[in-house]
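Worksheet for the structure shown next.
Each value in this text was obtained by applying a stated rule to the coordinates, not by laboratory testing. Computed from a predicted model, the values in this text were never measured in an experiment. Don't worry about glycine lacking a Cβ; one is built from the backbone with ideal geometry, like all the others, and counts go over all protein chains shown.
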Amino acid sequence: METYCGKSVMQGIAVGRIYLHKRADYHAAAQKASDPEAERARFFAAAEEAKAELARLYEEALADMGEEQAQIFEIHRMLLEDEIYLKEVLAKLTEGYQAAYAVSCAGEAVAAMFAGMEDEYMKSRAADIRDISQRVLRALLKLPDEEIQSEEPVILAAEDLTPSETLKLDKEKILAFVTVKGSVNSHTAILARSMGIPALVNTEFSLSESLQGKTCVVDGFTGRLIVEPGEELLSRILSQKAAWEADILALEQLKGQENRTKSGKTINIYANIGNVADADAALLADAGGIGLFRSEFLYLGRESAPTEEEQFAAYRAVLKKMEGRKVVIRTLDIGADKRADYFQLDEEENPALGYRGIRICLDREDIFTVQLRALYRASTYGKLAIMFPMIVSMEEVVRIRQIAADVRKALVEEGCVPGEVELGVMIETPAAALLSDRLARAVDFFSIGTNDLTQYTLAADRENRRLEKICDAHHEAVLRLIEMTVENAHAAGIWVGICGELAADETLTEHFLELGVDELSVPPSAVLRLRRVVRELP
Ligand code: PEP
Ligand code: MG
């Protein structure tokens, strides 16, 4: 028995034979063309052929799997027209090389550029570039298209899977994905989430032929690939799997059902997300909307802040995916444990009590304005609500509203009319909870961030393991602040949700319903479980 660790991107357990998928990548040799002009023409003809093929694949995927999955082929078609990519190809053609070599080189160079980026999403685009280059090469060299062969349902293991490979797979035959490369944003991860099957990326193993056909377990809970598990372990895993599957099946029945108690009380159950891809999991879980999109994750792990266009694309993508369901996007909550070097924030003695969230945004209006512009521009694609973190005063809200109104006005003057957007605040400091009667008259909604509300109320760092017992969200003081906030929201006629971890705490669901909380926003995997709890309440 051997065990390998990976990063789980989808929970669940799969048991089956491993199928190694090794792609035959074509790399053309560096050969000079006898007729450079003719080579140019050959490249453009092959690119046109590839584009026509992509248009066909788009139509097929649209019919089979819907717009969201089909979009990747449209993106590939656009990448084929991308200036950087074309420039690389043309540079090699100008040096007199054959088209096949020019395409090989350009594919590698542009893929390496993407792979070197800090941002996980951009990194994952390297696979797309390699994919389109292979397609053009196949067209140039008249090579047959690749297909993944598998007779029985298998655990598909690959170095990495290109988007078109993943889309062409016979989904009935795939029990799980395991890839050596890949990231949470890779298409394998997205597909696994939308198929609801376990998947590991970044797995520490090599695709040695000796693995082919061996019985394996993919454990999406612990992020492990177990090759040839012993009998005892296997039977334990199989019973865990059976219990998990029975529960999933039971939960599936709840899709499309209302979050309604036996006596008729209802509550919205939304999902918390940290990136665009997570919206797929939210949809899969039948979440009523997105209650918290932690937008700061778009800013982390990169060299510079995301541009207005990058942010606009991300917000628009989530709004479009959610098809009219409400999407609450929280503005940048950087600082404390979430740090980005390019903001050049000073080291602080007490970061959790320091320079973070809205405090930075109100100081650095340039950064704040870029985000608000992107948000307002995206607002026409769905039902957007914007919320602001770490509020402690009315003055902050007044200033925020002023900046938001200025951004909106500027956009209208530019000819871009934003949609209707609700503006709300997070109640995650005792100050905000205590002022919630006044704040409620200045905003459209509240969302209670119990993670921070707990740490600030109990003066107990949420990151400090030694304080786990003290940092207890069930503490009477925290529950009283929640109650006060809900009452004040309703007295002013606005809605109030909870988006901290406590929202998913099933022991408090009845209490929240009694208080009249309007919305609970929880991780996608908790949505249907919470619905079940609500429906079982008297
Ligand atoms: C919270 O504080 O409860 C919250 C939802 O925000 P975060 O966990 O991102 O600080
Ligand atoms: Mg918080």
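Starting from the Cα gyration tensor of segment 36-141, multiply each eigenvalue by 5, take the square root, and state the resulting semi-axes largest first in whole Å. Write down the numbers at each step before the final one.
Values: eigenvalues 115, 68, 15 Å².
Result for segment 36-141: semi-axes of 24, 18, 9 Å.
Given an 8 Å cut-off on Cα distances and at least 6 residues of separation, report the relative contact order of the chain as a percent. Walk me through the intermediate numbers first.
Numbers: 1010 pairs, mean separation 74.6, N = 538.
Relative contact order of the chain: 14 percent.
Quick one: grab the alpha carbon gyration tensor of segment 268-536, order the square roots of its eigenvalues as a ≥ b ≥ c, and give me rounded if a/c is under 1.5, else prolate or oblate depending on whether a/b is larger than b/c. Could the numbers behind the result be given before it?
Details: a/c = 1.42, a/b = 1.20, b/c = 1.19.
The shape class here is rounded.
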Any idea which of 177, 318, 5 is furthest toward the positive side of the dipole for the chain, if Lys and Arg beta-carbons carry +1 and Asp and Glu beta-carbons -1?
-> 318
Per-residue Cβ neighbour rank within 10 angstrom, fewest leading, 355, 97 | 355, 97
Over segment 1-42, one equal point on each Cα, no solvent: what is log10 I(q)/I(0) by the Debye formula at q = 0.27, 0.28, 0.34 Å⁻¹?
-> -1.13, -1.14, -1.25
Taking a ≥ b ≥ c as the square roots of the eigenvalues of the Cα gyration tensor of segment 202-281, is the shape rounded (a/c under 1.5), prolate (a/b larger than b/c) or oblate?
-> oblate
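Hey, could you grab the Kirkwood Rh for the chain? Inverse mean 1/r over distinct alpha carbon pairs, Å, one decimal. Write down the numbers at each step before the final one.
On the way: mean 1/r = 0.0393 Å⁻¹.
When all Cα pairs of the chain are included, the Kirkwood radius is 25.5 Å.
Which value at 222 nm does the chain reach when only helices count, each DSSP H run of 4 or more adding -39,500 (n - 2.57), with the total divided by all residues and rounded to the nearest 500 deg cm²/dmol?
On the way: 19 runs with 243 residues, N = 538.
So the helix-based figure for the chain works out to -14500 deg cm²/dmol.
From the C-alpha gyration tensor of segment 456-531, pull out the three semi-axes of the equivalent ellipsoid (sqrt of 5λ each), sorted largest to smallest, in whole Å. Walk me through the numbers on the way to the answer.
Values: eigenvalues 97, 60, 20 Å².
Three semi-axes, in Å: 22, 17, 10.
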Order the peptides 239-248, 279-288 from the highest to the lowest mean number of other Cβ atoms within 10 Å of their residues.
-> 279-288, 239-248
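Less than 14 Å Cβ to Cβ from residue 345, Lys/Arg counted +1 and Asp/Glu -1: what total charge do the surrounding residues give? Before the final figure, lay out the partial values.
On the way: positive: 338, 339, 356, 359, 364; negative: 296, 333, 337, 341, 346, 347, 348, 349, 363.
Here the charged neighbours net out to -4.
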